[in-house]
Amino acid sequence: MTDKRSKAKAVRPSASTSATSSVIEVKVKPNSRVSALAQSDDGTWLAQLKSLPIDGKANEELIALIAKHFGGRKSAVTIKSGASGRMKWVKIDLAQT
């Protein structure tokens, strides 16, 4: 008898919010013509960045773009995970915005 187990894909929320911070999922497209940040229908964010992903330049531009979009300081935005990938979890500290 064979055991057939379905491989269910884990569903992660695309964003979480607390009283002092918010975490968003961002897909990054480096080397774009313009810098832009837009939210998708599924709740994730798409960041188009002019910078190349070399020496952390794209991550620096992403932090500045998110801070500008949400009206906060760059020090209030941190990359929680995915610093070297295209899918990132970014934390925005609402107390500093």
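The values are calculated or read from the model by the stated rules, or taken from the named source; none is laboratory data. For clarity, every value in this text was computed on a predicted model and none was experimentally measured. Note that each Cβ is placed from the backbone with ideal geometry, even for glycine, and that neighbours are counted across all protein chains shown.
Out of all the residues in region 58-81, is one or more closer than 13 Å to V23 by Cα, in contact (Cβ under 8 Å) with a residue 60 or more places away in the chain and in contact with a helix residue (DSSP H, G or I) (Cβ under 9 Å, 6 or more places away or on another chain)? Checked region 58-81: no residue is closer than 13 Å to V23 by Cα, in contact (Cβ under 8 Å) with a residue 60 or more places away in the chain and in contact with a helix residue (DSSP H, G or I) (Cβ under 9 Å, 6 or more places away or on another chain).
For region 1-39, a residue qualifies if it is part of a loop (DSSP other than H, G, I, E, B), surrounded by 11 or more Cβ atoms within 10 Å (Cβ to Cβ) and modelled with pLDDT of 95 or more, and the qualifying residues are P30, N31, S32, S35. Taken over region 25-64, the criterion of being in contact with a Pro (Cβ under 8 Å, 6 or more places away or on another chain), of a type in the set (A, V, I, L, M, F, W, C) and more than 16 Å from V90 (Cα to Cα) is satisfied by L52 alone.
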